[in-house]
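Shown next, in structure tokens, is the structure this report addresses.
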Amino acid sequence: MGAKIKDSTSVEMHDVNEPRRAVHPEDDKPSSWKDALFGRRARKYAFIFIVAFLAVLTVKDVFDLFEEYFEYPKESDINIVFNDSMTMPNVTFCMSRAQAWSHFKLNLSAPADEWDAVVDESLANMTDHDSFMKQPWDYRLVMEAYDMIATYSSLERETTAHGSARSIHVFKNSPRLAAKRKTFKKWRDILDSRRITFDEFTQKTGIEVLRRSMQRFRRRTFDDDDTVIKTKLRISWISQMQICYQPEFDKDNYKTIDDQGVFFDMLLSHNAENTEDQKIDCMSVDFHGRPSSLNRFMEGKGRSRDGFIDELCLGQRHEVTAHVTALYQMLENDEQGTRCRDVEDGEDSEFNCRSRCRMEMIRDACHCTPLSLSYLAKKEDMEIFPLCDYTQCTVDVQKGNYSDTECANKCFPDCRQIRFEVDHSVKGRMLRPDLTLVELSWGPFEYLTMEQQWKYTPTTFIAALGGSIGMWLGLSILSLIQLVTYSYTYFTKKIVNEKILKKGNTFDRKQSEGVKVLYMMGKTTRR
């Protein structure tokens, strides 16, 4: 039994101490085609190829995602809105000057001194601000004031920038305009002495013109309690061609449109005798609330001309039905063709922005504030740029280059765009030929909305990034964090620390060898 154990032990010792046989490279060759296709080496290379291929796809997807993200892509959300009510639109009515002046009975044979005497006497009775604004005016005052406002509007706004400079030059130097310059100076002195702003002057003049024509101007509802909504009149534009005005409501009298049908009506009168031999332009209504026809032309080429009708002719009954077809809310951008800005409360609309550019151009040329644009000026600026007296303004039309195009190019449309559909029908002639009735009706309350949004927010971008890196390799943001942490640990511990330890071990080894040499030298000396 002991011999057997001894033999077994010797065999095991022999197996342990026997040196391993070197493996020749040719011995690692596959022994068969199955081993070549499905062997360990084949599986290893296949795994490396698949991982590398999926890694390339992942890098490509991540690169494409970042490239798309920095292009700031947009997407649109389209819905149909079913409303219970609609906001009262900012409606603008415009009528020709000939229609507005039809009530004025002019005596062309009367001497000019008689006209001036009536005007001077009336102005003398208006000694302060309140009396000027509240007392009714004689038609002579109305016509002079209207002509003054319209002339300044033509000089300052109803032409190009260079045309405005040329008109200012003509107004200052033309002998045939001497009487008009004298009349305007008289009115300027009156306004200054009564502390009346040019905007107040415009409102008063327009109301005096329209009060002779306006028979009814009211907001209508279908309430059972016969609610009376107080409607004010605001003048938005006075020119040699037309006068434009809007209904205005205070907070207590503002009401939404809750029912389909007529929501506003206007009854006007005119003097048929004074208009028989004249070609009177039809009135217009604009549901976008643009202050005048000039606004539509200032907007530039290619704009939609919706929400506007200009066929409200005299002596007829008109029914105008409007409804919103679409509401577009775009994102602010500078791209040609779609550029726009969000207009907040207190900010300039596109029209006011372009008007401000004209004001700055005239300020540069004449060092004063144009009267028809003074509503845009700040109080502190009025001390530096007082209201213009164009008799003191010298403009070199021949050598000067006057333009506001560079400034106007910085004026953008509102990113919130409403599209109206307007239907107009004539319900026949009025029984009295000197009356004109306009009824505004509202159609359906449903409309299409399209709202632009950024395709990626920080949250959605991170989610898309996680999807891209997890699509092929199953990675995640957490995996990337772990990879960064591991890489940092590897480079700090495996590389930096190993170099430091290697240097330290080399120094210790050299130091120990030196000690050993010294010891051996000492031992030899003792011998």
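What follows is calculated from the coordinates using simple rules that are stated; it is not laboratory data. Keep in mind that this is a model prediction, so the values were computed, not measured. Because the Cβ atoms are built from the backbone with ideal geometry, glycine has one as well, and the counts that use them run over all protein chains shown.
Sum -39500 (n - 2.57) across every DSSP H segment of at least 4 residues in the chain, then divide by the residue count to get the 222 nm mean residue ellipticity, nearest 500.
Numbers: 18 runs with 229 residues, N = 527.
Taken over the chain, the calculation gives -13500 deg cm²/dmol.
Nothing charged except the Cβ atoms of Lys and Arg (+1) and of Asp and Glu (-1): what's the magnitude of the dipole of segment 406-478 about its Cα centre? Round to the nearest 20 debye.
Details: 7 positive and 8 negative charges, 7 e Å.
Here segment 406-478 has a charge dipole of around 40 debye.
How high is the FRET efficiency from Lys251 to Glu114, r the C-beta distance, R0 51 Å, rounded to 0.05?
Numbers: r = 47 Å, r/R0 = 0.92.
Calculated value: 0.60.
Could you give log10 I(q)/I(0) at q = 0.14, 0.21, 0.31, 0.32 Å⁻¹ for segment 115-168, computed by the Debye formula over C-alpha point scatterers of equal weight, without solvent?
-0.51, -0.76, -1.16, -1.19
Can you tell me how much longer the chain between Tyr69 and Ile190 gets when fully stretched, taken as 0.36 nm per residue apart minus their C-alpha distance, in nm with one decimal?
Details: separation 121, 0.36 × 121 = 43.56 nm, distance 6.25 nm.
Result for the pair: 37.3 nm of gain on full extension.
Using a basic spin-label model with each label point 7 Å from the Cα along Cα→Cβ, how many nm lie between Ser31 and Asp223?
That separation, rounded to one decimal, is 10.1 nm.
In nm, what is the difference between 0.36 nm times the number of residues separating Thr405 and His424 and their Cα-Cα distance? Don't skip to the answer; put the middle values down first.
On the way: separation 19, 0.36 × 19 = 6.84 nm, distance 3.68 nm.
Full extension of this stretch gives 3.2 nm more.
Can you find, among Val484, Ala124, Gly346, the residue farthest towards the positive end of the dipole of the chain? Put +1 on the C-beta of Lys and Arg, -1 on that of Asp and Glu.
Toward the positive end, the furthest listed residue is Val484.
Taking Cα Rg over 2.2 N^0.38 Å straight from the coordinates, which label in [x] 1.10; [y] 1.84; [z] 1.03 is the correct one?
Only one option fits the structure, namely [y].
In whole Å, how far is the Cα centre of segment 193-254 from that of segment 98-164?
If we compute the Cα centre of each part, the gap is 19 Å.
Under 16 Å Cα-Cα from Lys455, which aspartates and glutamates qualify once same-chain neighbours fewer than 8 residues away are excluded?
Asp64, Glu67, Glu68, Glu71, Glu75, Asp77, Glu332
Name the residues of segment 398-427 whose amide N is less than 19 Å from a point 7 angstrom out from the Cα of Leu327 along the C-beta direction?
414-422
Once the dipole of the chain is set up with Lys and Arg at +1 and Asp and Glu at -1 on Cβ about the Cα centre, which of Thr227, Phe385, Thr205 lies farthest towards its positive end?
Of the listed residues, the answer is Phe385.
So, by mean Cβ neighbours within 10 angstrom, what's the order for 240-247, 314-321 with the highest one leading?
Numbers: 240-247: 20.8, 314-321: 18.5.
The peptides rank, most packed first, as 240-247, 314-321.
Can you give me the angle between helix 40-69 and the longest principal axis of the chain, using Cα atoms only, in degrees from 0 to 90, rounded to the nearest 10?
Roughly 20 degrees between the two axes.
With labels modelled as points extended 7 Å from the Cα through the Cβ direction, what inter-label distance (nm, one decimal) is found for Ile48 paired with Lys455?
3.8
List, largest first, the extents of the alpha carbons of segment 88-145 along their principal axes, each in whole Å.
So the extents along the principal axes, rounded to whole Å, are 47, 32, 13.
With +1 on each Lys and Arg Cβ and -1 on each Asp and Glu Cβ, and nothing else charged, work out how big the dipole of the chain is about its Cα centre, in Debye to the nearest 20. Numbers along the way, then the final one.
Working: 74 positive and 81 negative charges, 804 e Å.
Result for the chain is approximately 3860 debye, rounded to the nearest 20.
Separation of segment 383-427 and segment 327-347 by C-alpha centroid, Å?
So the two Cα centres are separated by 19 Å.
Quick one: of Lys204/Lys399; Lys74/Lys410; Lys186/Lys232, which pairs are farther than 32 Å apart, Cα to Cα? List each step's numbers first, then the result.
Details: Lys204/Lys399 40 Å; Lys74/Lys410 23 Å; Lys186/Lys232 30 Å.
Beyond 32 Å: Lys204/Lys399.
Is there a quick way to get the dipole size of segment 314-363? I mean about its Cα centre, with the Cβ of Lys and Arg at +1 and of Asp and Glu at -1; what is the value in debye to the nearest 20? Can you show the working numbers first?
Working: 7 positive and 11 negative charges, 85 e Å.
Dipole of segment 314-363, to the nearest 20 debye: 400 debye.
Could you work out the relative contact order of segment 330-434? I mean the mean sequence separation of Cα pairs under 8 Å and 6+ apart, divided by the number of residues, in percent. Don't skip to the end; give the middle numbers.
Details: 87 pairs, mean separation 36.3, N = 105.
Once normalised by length, the contact order is 35 percent.
Got a sec to turn the phi values of segment 132-137 into Karplus ³J(HN,Hα) couplings, 6.51 cos²θ - 1.76 cosθ + 1.60 with θ = phi - 60°, whole Hz, x for Gly and Pro?
The phi angles translate into 5, 7, 9, 6, x, 9 Hz.
Per 0.36 nm of contour for each residue apart, how much would the distance between Asp259 and Val62 grow if the chain were fully extended, relative to their Cα-Cα spacing? Don't jump to the answer; show the numbers that get you there.
Values: separation 197, 0.36 × 197 = 70.92 nm, distance 5.40 nm.
Extra length from Asp259 to Val62 when fully extended: 65.5 nm.
Modelling each spin label as a point 7 Å along the Cα-to-Cβ direction, I'd like the Leu478/Arg305 distance in nm, to one decimal.
Distance between the two pseudo-spin positions: 6.4 nm.
With both partners inside the chain, how many of the DSSP beta bridges are antiparallel, as a percent to the nearest 5? The partial results should precede the final answer.
Details: 52 of 64 bridges.
The answer is about 80 percent antiparallel.
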